[in-house]
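What follows is a short report on a single structure.
The values are calculated or read from the model by the stated rules, or taken from the named source; none is laboratory data. The structure displayed is predicted, hence computed values, not measured ones. In this analysis, Cβ positions are derived from the backbone assuming ideal geometry, glycine residues included, and neighbour counts consider all displayed protein chains.
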Amino acid sequence: MFKRIIDVNSILKRKGLFLFGPRQTGKSTWVRQTYPNALYINLLSKKVFDDYLLRTDALQSDIKLFQRNNSSNLVIIDEIQKIPELLDEVHNQIEQNKNLRFILTGSSARKLKRAGVNLLGGRASWCSMFPLVYPELKEYFCTITDLEKRLTIGGIPSFYLSVDPFSDFDDYIQLYLSEEIKAEGFVRNYQAFHRFLFVTALCNSKQLNFTQIGSDTQIPPRTVADYFQVLEDTLIGHILPAFTQTSKRKAMTSAKFYLFDTGLVNALLERSAVRAGTTEFGELFEQFVILEVKAYLSYLRKKAQMFYWRSTSKLEVDLIIQSKSHIYAIEIKGKATVSTKDCRGLHAFCEDFPNAKKYVVTTQSRRIVTKDNVEIISIFDFLDDLWSGKIL
């Protein structure tokens, strides 16, 4: 029901691609709908998995059989991380037929990051699939009430229009734990990781302190760090590093952490409603904006890096975007009224970077540029400008 904006055709003209994203973000549905004539190999199917695990020539045989009656040169292998060794044969097939193209989807990059796994040596680009983003939801996303719904339920396509999204999330969390963590053997102590996963929702949008988290979960700090790496590798969360290039004000170095979807945060915390004006709304609003920018940079293949900045004197900017030629400083406030106090972090950061473009993203309806060249912009205008290329 949603028209996804991801477009990889320009990549496929040159090479194949890895398409990775968390479970249920719509990878399989999208590739099958977009490329219905391709050879589709689903490694989530036990029969297909067993066949490919046991027969080293399965891929070659299936491609030859497929191309006898089909003109398509596209092969889709769903959940490639299930059999990383299959990438050797993918490589071989690419070398034998330069016109052949592969889309290799996955929901975890952990097994592919091991030493010795063939990542095709530049013969495939890396792309990501995210939960629903603003252009895909625009008709449902016009008011603060719509924003409250988006922050509460999140953007996983199958959940967004569900009559009972949080029951769906309960199943999702259990399936994720069993399929991606326990079954794959990513951690040794499954019970400890289960406790840790729920604590991550409390850490969402906050600076990471492995020692404190270890104390809260009764897990050694080094193991906590490893668990966060597991979440990154399985695409369930990502680390936002600290920006440390300021000299006039010393910056803190601790990173922040964000789960990949606001609805997942609420499900883990058993929170079924989020209302504007609350602390929870503000935290999820920040997460939402940061994830939206992350998706934009990925989908448009923009060469820019994301950070946050916080001085040791506790002045902060929620999001710093650094491209080759520009720096953008973005403060994210989930409220309608912005005061001069809300801009203090921006001004402090710009002592080192006076040419940085400064924004405060808020829920207010008016658009204002202050005498200090800070643009105070509503979330709806910000998203319109972002996805139309007017900001980055």
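General observations
- Residue count, segment 1-22 (criterion: surrounded by 20 or more Cβ atoms within 10 Å (Cβ to Cβ), of a type outside the set (Phe, Trp, Tyr) and touching a Ser or Thr at 6+ places or on another chain (Cβ under 7 Å)): 4
- Filter pass, Glu232 being in the same structural domain as Tyr359 (by TED's automatic domain parsing), under 28 Å from Ser378 (Cα atoms) and either touching an Asp or Glu at 6+ places or on another chain (Cβ under 8 Å) or not in a loop (DSSP other than H, G, I, E, B) (or both): no
- Subset of segment 152-178 that is among the small types (Gly, Ala, Ser) and part of a helix (DSSP H, G or I) - its residue that is modelled with the lowest pLDDT: Ser178
- Candidate set from segment 362-392 (those that are in contact with a Leu (Cβ under 9 Å, 6 or more places away or on another chain) and of a type in the set (Val, Ile, Thr)); member that is farthest from Tyr328 (Cα to Cα): Thr363
- Check on Thr223, at pLDDT 95 or above, surrounded by 14 or more Cβ atoms within 10 Å (Cβ to Cβ), at negative phi and hydroxyl-bearing (Ser, Thr, Tyr): no
- Boolean, Ser272 is among the small types (Gly, Ala, Ser) and under 19 Å from His326 (Cα atoms): no
- Residues (loosely packed, with under 15 Cβ neighbours inside 10 Å, within 20 Å of the chain's Cα centre (by Cα) and closer than 19 Å to Leu291 by Cα) located in segment 127-178: Lys138, Ser158
- Note on segment 53-85: residues that are polar (S, T, N, Q), within 30 Å of the chain's Cα centre (by Cα) and part of a loop (DSSP other than H, G, I, E, B) amount to 1.
- Any hit, segment 203-211, residues being part of a helix (DSSP H, G or I) and under 21 Å from Val293 (Cα atoms): yes
- Test: residue in segment 35-52 that is basic (Lys, Arg) and either buried (at least 19 other Cβ atoms within 10 Å of the Cβ) or part of a loop (DSSP other than H, G, I, E, B) (or both): no
- Among residues of segment 337-351 that are aliphatic (A, V, I, L, M), those with a beta-carbon under 8 Å from a residue that is assigned to a loop (DSSP other than H, G, I, E, B) and surrounded by 11 or more Cβ atoms within 10 Å (Cβ to Cβ) at least six positions away or on a different chain give the pairs Val338/Gln364; Ala348/Arg249; Ala348/Leu315.
- Just one of the numbered conditions (1) among the aliphatic types (A, V, I, L, M); (2) at pLDDT 95 or above; (3) within 23 Å of the chain's Cα centre (by Cα) is not true of Leu392: (2).
- For segment 30-42, the set of residues classified as more than 13 Å from Val75 (Cα to Cα) and in contact (Cβ under 8 Å) with a residue 24 or more places away in the chain consists of Trp30 only.
- The listed residues are Ala329, Ala348, and the only one of them that is within 17 Å of Gly389 (Cα to Cα) and either in contact with a Leu (Cβ under 6 Å, 6 or more places away or on another chain) or outside the structural domain of Val274 (by TED's automatic domain parsing) (or both) turns out to be Ala329.
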